[in-house]
Amino acid sequence: MDVKPYLQHLCSYVETNDYAGYDPYDALNSSLLKVLSCKSKWARIAFTQTLKKLPVNMRPILGVKKGHNPKAIGLFLWGYAKLYAVDKKPEYLEKIDYLLSLLEKLKSKGYSGNCWGYNFDWQNRAMLVPKNTPTIVNTSFIGHALLDCFEYMSNQQALDIAVSIKDFILKDLNRKVEGDVFCFSYTPIDNNYVHNANMLGASILIRLKKYCQDGRLEDAAMTSLAYSMRHQRDDGSWYYAEAEVQHWIDSFHSGFNLQALRYFMNEGYAKQYQQVYEKGVEYYANNFFLSDGTPKYYHNKIYPIDIHSPAQAVSFFSGLGKNYRSLTEKVLHWMLKNMLSPKGYFYFRKGHFLTNKISYMRWSQAWAFHSLTSVLQASKQEEQNDC
């Protein structure tokens, strides 16, 4: 399938909006809702979840402004780096320079290394996470984008920004120790230990190893990876996390786990996990998609279908080549048919009877961009391999 026309429309949309937009979780950027919450944790959660689930965007009325989300900027940077790898147009270099400058401005301040959070406060059951508190997930995705940017076009600025990420992960994050392995925390201020976050952090450390004279990286990467691999279930899946209230198995986080493990293997590490990696890929392919390519949210539940589910699936499986081409194309076709607006942007979620068509820059547009550019890059690589 030729994704170039869809990419052109999406590029036009995000560039016209200067890569800024709303987010499903940005309710606390409303001064009014902050006051009304009266510092109540449950009120903050209620406001956030209500705005996320409403199919009508109330943010303009509530005073929530569009903003630059660091993770979105990283994903857009990643996409343009892939576009440049496919077709070396000077205009892509201009976009990349601009996005790198934004990432420099959006860095979280006061930490041991470069890191990024969200442009809004967010409340979970345990605590309020203030705006700009860096997360291992954001920082790892941005790190992978930066390293690809360097590898595809020798952009030294991208590498320079990426290298000190190791110090944030190694020095600022908490650790849950289990015998001879450990798990990184989600942020520096919590003790939430999540498999996809831990594995993504480990994967950026192992990629950074070849660029740094730092003997800590391989040991920390392999030891933290071992934590999550010990918790992989016999069928190849992972719970989101090991706390009992986090015992669910969902589509896109499963994809993140496998993508992180694939980074290790691409770097020549973790060969001992090859068999269970393949089992994980098989589980992912066999349990999260209907025969027509409809992506399920959970392994045992279809709805709500989140744009992350098809986007991550298409990004991941397109990189596995011809053996998964049919699945990739089916999921991609479903995504374009069901989640794409005539205006060129992608919807948030599809339910049984209603589709939430609000445009979210990080959650929807950035992930769709990452997905479509991954397909384009994979197609180019297959063409070169066939020559």
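The values are calculated or read from the model by the stated rules, or taken from the named source; none is laboratory data. The structure displayed is predicted, hence computed values, not measured ones. For neighbour counting, all protein chains shown are included, and Cβ atoms are generated from backbone atoms with ideal geometry for every residue, glycine included.
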Unmet criterion (only one of (1) surrounded by fewer than 24 Cβ atoms within 10 Å (Cβ to Cβ); (2) free of Cβ contacts under 8 Å to residues at least 60 places away in the same chain) for residue 335: (1)
Number of the exception - residue 112 against (1) in contact with a helix residue (DSSP H, G or I) (Cβ under 8 Å, 6 or more places away or on another chain); (2) crowded, with 17+ Cβ neighbours inside 10 Å: (2)
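Every residue, every condition in (1) outside any helix (DSSP H, G or I); (2) charged (D, E, K, R); (3) at negative phi, yes or no:
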site: 205; (1), (2), (3): no, no, yes
site: 209; (1), (2), (3): no, yes, yes
site: 220; (1), (2), (3): no, no, yes
site: 224; (1), (2), (3): no, no, yes
site: 228; (1), (2), (3): no, no, yes
site: 235; (1), (2), (3): yes, yes, yes
Test set (1) surrounded by 20 or more Cβ atoms within 10 Å (Cβ to Cβ); (2) closer than 25 Å to residue 191 by Cβ - residue 270 fails condition number: (2)
Residues (β-branched (Val, Ile, Thr), surrounded by 18 or more Cβ atoms within 10 Å (Cβ to Cβ) and farther than 17 Å from residue 260 by Cβ) located in the range 164-203: 187
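Here are some residues: 139, 133. Which one is outside any loop (DSSP other than H, G, I, E, B), buried (at least 20 other Cβ atoms within 10 Å of the Cβ) and among the polar types (S, T, N, Q)?
139
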Qualifying residue in the range 149-171 (condition: in contact with a Pro (Cβ under 9 Å, 6 or more places away or on another chain), free of Cβ contacts under 8 Å to residues at least 40 places away in the same chain and more than 22 Å from residue 79 (Cβ to Cβ)): no
All positions within the range 196-234 that are in contact (Cβ under 8 Å) with a residue 60 or more places away in the chain and under 11 Å from residue 269 (Cβ atoms): 202, 203, 206, 207
Selection from the range 342-387 of residues that are within 22 Å of residue 292 (Cβ to Cβ), among the hydroxyl-bearing types (Ser, Thr, Tyr) and either out of contact with any helix residue (DSSP H, G or I) (no Cβ under 9 Å at 6 or more places or on another chain) or in a strand (DSSP E or B) (or both): 355
Residues of the range 19-51 satisfying the condition of being surrounded by fewer than 22 Cβ atoms within 10 Å (Cβ to Cβ), closer than 22 Å to residue 106 by Cβ and small (Gly, Ala, Ser): 20, 30, 31
Some residue of the range 102-117 being over 22 Å from residue 208 (Cβ atoms) and assigned by TED's automatic domain parsing to the domain that holds residue 199: yes
Residue 16 being β-branched (Val, Ile, Thr), surrounded by fewer than 14 Cβ atoms within 10 Å (Cβ to Cβ) and in contact (Cβ under 8 Å) with a residue 12 or more places away in the chain: no
